[in-house]
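Asker: Mind having a look at this structure? Questions to follow.
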Ligand SMILES: [Ca+2]
Ligand SMILES: [Ca+2]
């Protein structure tokens, strides 16, 4: 009897430990970006023009000046630079359809700095917007696997990485890249205040990901802002996350956003009326499950 009680106690302690570990992944000390709005595929296109579909998104401000010098971690307070130039800021709109997450970012940047000589040599050393996504919200950082880092420069050049020490992918196959980004497309246009850019990030299949996509996913938006000198040390990272700043590779600390995702079936055509009714009933059921699961997470803290 004593042995049985000991075993029960051990199991209870282990269960409590796992419950605490799970609840620590979501919530405490994280910025909550709300929910990603769902839109129809046909309502949106990749053209650096903000369609009405983005009005469904809650605007996310990118105005938290963070790391000034990436090498030393030197911080920068909100406000102008030493030379008087204002630091960039932006507003992002995030939506998804059944296959892609779409992000539209309006950037205010008074000095557009270009160091990339071509589409295939673009990286963080030019004015650009970056997005980090951890699809499982588990905070894993595995080279060439997770999280997804995607970048669009003010010239519309794309580059990306999977995991902190992963290989940088640049441009598209059409641009002649030997290491193209297959899951990201991006474009940009200059405006009278700076530039707008638009991202289309393909949602991975759970089979390819080897894991379930979370009903909250870790998410971080950043602007790389250089001044007129364009030197590496002058970059100021501007972040959407007032809690953790542009600490983009500490993925267990980046904010999270709700994602009520339904896997892509490969068919975006109009469905018959009866199928629509079934889909609506299924959607209500999924919504109920998500609410229950979120409540469970909240109450299990
Ligand atoms: Ca568009
Ligand atoms: Ca700039």
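Asker: Among the residues of the range 143-163, how many are outside any strand (DSSP E or B) and out of contact with any helix residue (DSSP H, G or I) (no Cβ under 7 Å at 6 or more places or on another chain)?
Answerer: Total meeting the criteria: 8.
Asker: Also: Just give me the residues in the range 122-140 being more than 16 Å from ligand 2 (Cβ to nearest atom) and part of a loop (DSSP other than H, G, I, E, B), in sequence order.
Answerer: Of everything in the range 122-140, those that are more than 16 Å from ligand 2 (Cβ to nearest atom) and part of a loop (DSSP other than H, G, I, E, B) turn out to be 135, 136, 137, 138, 139, 140.
Asker: Taking the conditions exactly as written (more than 14 Å from the chain's Cα centre (by Cα), assigned to a strand (DSSP E or B), within 16 Å of ligand 2 (Cβ to nearest atom) and closer than 28 Å to residue 58 by Cα), does residue 107 satisfy them or not?
Answerer: yes
Asker: Would you confirm whether or not the range 126-134 contains a residue that is over 29 Å from residue 35 (Cα atoms), crowded, with 19+ Cβ neighbours inside 10 Å and away from ligand 1 (no atom under 16 Å from the Cβ)? Step through it out loud before you land on a result.
Answerer: Pass one, the range 126-134, residues over 29 Å from residue 35 (Cα atoms): 126.
Now drop any that are not crowded, with 19+ Cβ neighbours inside 10 Å, which leaves 126.
Right, trim to away from ligand 1 (no atom under 16 Å from the Cβ) and you get 126.
Yes, the conditions are met somewhere in the range 126-134.
Asker: Which one of these is free of Cβ contacts under 8 Å to residues at least 60 places away in the same chain and under 14 Å from residue 223 (Cα atoms): 118, 150, 110?
Answerer: Selected residue: 150, the only one of 118, 150, 110 that is free of Cβ contacts under 8 Å to residues at least 60 places away in the same chain and under 14 Å from residue 223 (Cα atoms).
Asker: Kindly indicate the residue of the range 88-99 that is crowded, with 19+ Cβ neighbours inside 10 Å and away from ligand 1 (no atom under 12 Å from the Cβ) and also nearest to the chain's Cα centre (by Cα) among those meeting that condition.
Answerer: Here the residue is 94.
Asker: Name the strands (runs of 3 or more DSSP E) wholly within the range 26-98 that hold at least 1 residues that are at pLDDT below 95, closer than 30 Å to residue 261 by Cβ and away from ligand 2 (no atom under 16 Å from the Cβ)?
Answerer: Filter on the range 26-98 gives 32-35.
Asker: Kindly list the number of the only condition in (1) in contact (Cβ under 8 Å) with a residue 60 or more places away in the chain; (2) surrounded by 14 or more Cβ atoms within 10 Å (Cβ to Cβ); (3) in a loop (DSSP other than H, G, I, E, B) that fails for residue 228.
Answerer: (2)
Asker: Ok, one more. Name every residue in the range 166-211 that is assigned to a loop (DSSP other than H, G, I, E, B) and under 16 Å from residue 98 (Cα atoms), in order of residue number.
Answerer: Result: 183, 203, 204, 205.
Asker: Moving on to the next point. In the set 166, 171, which member is more than 16 Å from ligand 2 (Cβ to nearest atom) and in contact with a helix residue (DSSP H, G or I) (Cβ under 6 Å, 6 or more places away or on another chain)? Even if it seems obvious, please write down each step before you answer.
Answerer: Working: 166 fails: in contact with a helix residue (DSSP H, G or I) (Cβ under 6 Å, 6 or more places away or on another chain).
Only one candidate qualifies: 171.
Asker: So, one more: Filter the range 110-121 for residues that are in a loop (DSSP other than H, G, I, E, B) and away from ligand 2 (no atom under 15 Å from the Cβ) and give the result.
Answerer: 117, 118
The values are calculated or read from the model by the stated rules, or taken from the named source; none is laboratory data. Note that the structure is predicted; figures quoted are calculated from it, not measured. Cβ sites come from the backbone with ideal geometry, for glycine too, and all protein chains shown count toward neighbours.
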